1. Can you pull out the residues in the stretch 304-320 that are at pLDDT 90 or above and open to solvent by 90 Å² or more (accessible area, probe 1.4 Å)?
2. Inspect the stretch 136-151 for any residue being in contact (Cβ under 8 Å) with a residue 12 or more places away in the chain, within 19 Å of Tyr213 (Cβ to Cβ) and in contact with an Asp or Glu (Cβ under 8 Å, 6 or more places away or on another chain) and give the result as yes or no.
3. Quick one: which of Arg280, Arg258 is basic (Lys, Arg), at pLDDT below 90 and open to solvent by 30 Å² or more (accessible area, probe 1.4 Å)?
4. What helices (runs of 4 or more DSSP H), lying completely within the stretch 100-174, carry at least 3 residues that are out of contact with any strand residue (DSSP E or B) (no Cβ under 6 Å at 6 or more places or on another chain)?
5. Would you confirm, using the coordinates I've provided, whether Phe210 is buried (at least 16 other Cβ atoms within 10 Å of the Cβ), out of contact with any Gly (no Cβ under 7 Å at 6 or more places or on another chain) and over 19 Å from Asn240 (Cα atoms)?
6. Have a look at Tyr76, Tyr85 and point out the one that is part of a strand (DSSP E or B), open to solvent by 20 Å² or more (accessible area, probe 1.4 Å) and in contact (Cβ under 8 Å) with a residue 12 or more places away in the chain.
7. For the stretch 372-390, check the following and say yes or no: at least one residue is within 20 Å of Val350 (Cβ to Cβ) and either open to solvent by 20 Å² or more (accessible area, probe 1.4 Å) or of a type in the set (Ser, Thr, Tyr) (or both).
8. In the stretch 118-125, is there at least one residue being open to solvent by 60 Å² or more (accessible area, probe 1.4 Å) and either closer than 22 Å to Ala175 by Cβ or basic (Lys, Arg) (or both)?
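The values are calculated or read from the model by the stated rules, or taken from the named source; none is laboratory data. These figures come from a predicted structure and were not determined experimentally. All Cβ positions, glycine included, derive from the backbone under ideal geometry; neighbour counts span all protein chains shown. Just the protein is used for accessible areas: all its heavy atoms, side chains included, with ligands, DNA and RNA removed. Shrake-Rupley method; radii C 1.70, N 1.55, O 1.52, S 1.80 Å.
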Amino acid sequence: MNKYLLYILVGLIAGSCLRDKGDEKYVIFAGEIVNPTSDQVVLFKGEEALDSVKLDADNRFVFKLDSVSEGLHHFYHNPELQYVYLENGDSLQVRLNTADFDESLVFSGKGEEINNFMLEMFLLREEEEFLINSMYELEPEEFRLKIDSLKNNKLLLLEQTNTEFEISPKAFDLAKSFIVYSSNISMEAYPFYHRRRSGESKIHQLPDSFYGYRNEVNYNDEDLTYLRPYYNFMKFHLGNLAYTMCKANCEDIEKASRHLHFNEHKLKLIDSLITQKELRDNLFRNVAIDYLLKHDTEEHTKIFITDFKRLSHNNVHNEEINTLYEGIINMQPSKTLPDFTLYTYNGDEVKLNDIENKGPVVYYFWSGSEPRHFRNISKRVTELKQEHPEYHFIGINLRTDHSKWKGMVDANKLEQSEQFWTNNYEQAVQTLIIYNPNKTIIARNGVIVDAFANIYNTF
């Protein structure tokens, strides 16, 4: 049975007890969390935390709101974040299991239709990734037709859902935007992935109509600011525009300066195209973090941060970016590794600088809450050990219960002496600059070195 239809059937049964309150203005959002990883749930509208509630003895929670600003919200159960669309009068329930967070989610009650549809689109997009990746080898027009076909099938399902359940116009537009911008991401990515897959030396010539959808792009849609496909599209799109602009107008740039030069283009594009405050701030933040976490010289880093502050002077994320910048400067080659406490498999306390090593060391990070990343990084480290036996690879675990961490070390037959655990995620993030889950820090005898500085790009 189609998973989406299954959601609807479950919702019709489980949500029947809530429907008698559908005409009220107040909103109820409740749920049950199996295998909770935190004792609370936080409900957000954009950057604003509207409310937080504790789980009860049965791992259930209830939000009761007098009214809401209708539209996309998020709920956060550390470390997971997921959409929930709320309208006044909704009485919505959710059930999930943190062991399989997204796949286990089921909404029921008044408001279930749009939420289950959005969830289905999210999961379907993940399932399509392998198919779409295989299509980047196609010629431009054939690729466009296949992407349009995938998009149109989803739009048809949305129309059918709207006919059956009468989704509100605002909810319909949001779901449509989810589908359209997800499709547009693939189109923006095509020329770069095609060149990589085909082995061509230059970007393939594209038909004039290839980017026809760009005429419909709204760069300042407040309702879509926190819609993941819209935000991700903006990141791809601005990078694409920056590349095209530079190729057309800039002379050859020294290889050593390209990283700085390209990201300065992106800063200028955001400044010229984006006026919606929250989207603008978030995109500036994304460019800054992306730049700072990829190795560059101290001189270039200082130039970038000066330009960032000039163009994004009142960014709500300025403190975070400045903290990251200062941390990056402190992690430059020849600087001493920061003082940080870890624990061995046997529970002994050890300082990062005191970990015994017999040569160059690569530190990598993983979490029990991110199984896909754990599998990928474990595979990559195994390969690198074979390729570079002169390096000593040290795994540092984050955001995982201590007993679960030890169980994963044993189950995956990891070398116990090479695995360490920390119970202070926030300090780890601030001290070791772990903003990307694949971020790797490299040290030799306590000194940061250049080797493998971009190792996370290979995972």
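1. If the condition is that a residue be at pLDDT 90 or above and open to solvent by 90 Å² or more (accessible area, probe 1.4 Å), then Lys309, Arg310, Val316 are the ones that fit.
2. yes
3. Arg258
4. Numbers: elements: 101-104, 112-135, 140-165.
The qualifying helices (runs of 4 or more DSSP H) are 112-135, 140-165.
5. Details: buried (at least 16 other Cβ atoms within 10 Å of the Cβ): yes; out of contact with any Gly (no Cβ under 7 Å at 6 or more places or on another chain): yes; over 19 Å from Asn240 (Cα atoms): no.
No; evaluated as a whole, the condition is false for this residue.
6. Answer to the check: Tyr76.
7. The answer is no; no qualifying residue exists.
8. If we filter the stretch 118-125 for residues that are open to solvent by 60 Å² or more (accessible area, probe 1.4 Å), which is where we start, we get none.
No, the stretch 118-125 contains no residue that is open to solvent by 60 Å² or more (accessible area, probe 1.4 Å) and either closer than 22 Å to Ala175 by Cβ or basic (Lys, Arg) (or both).
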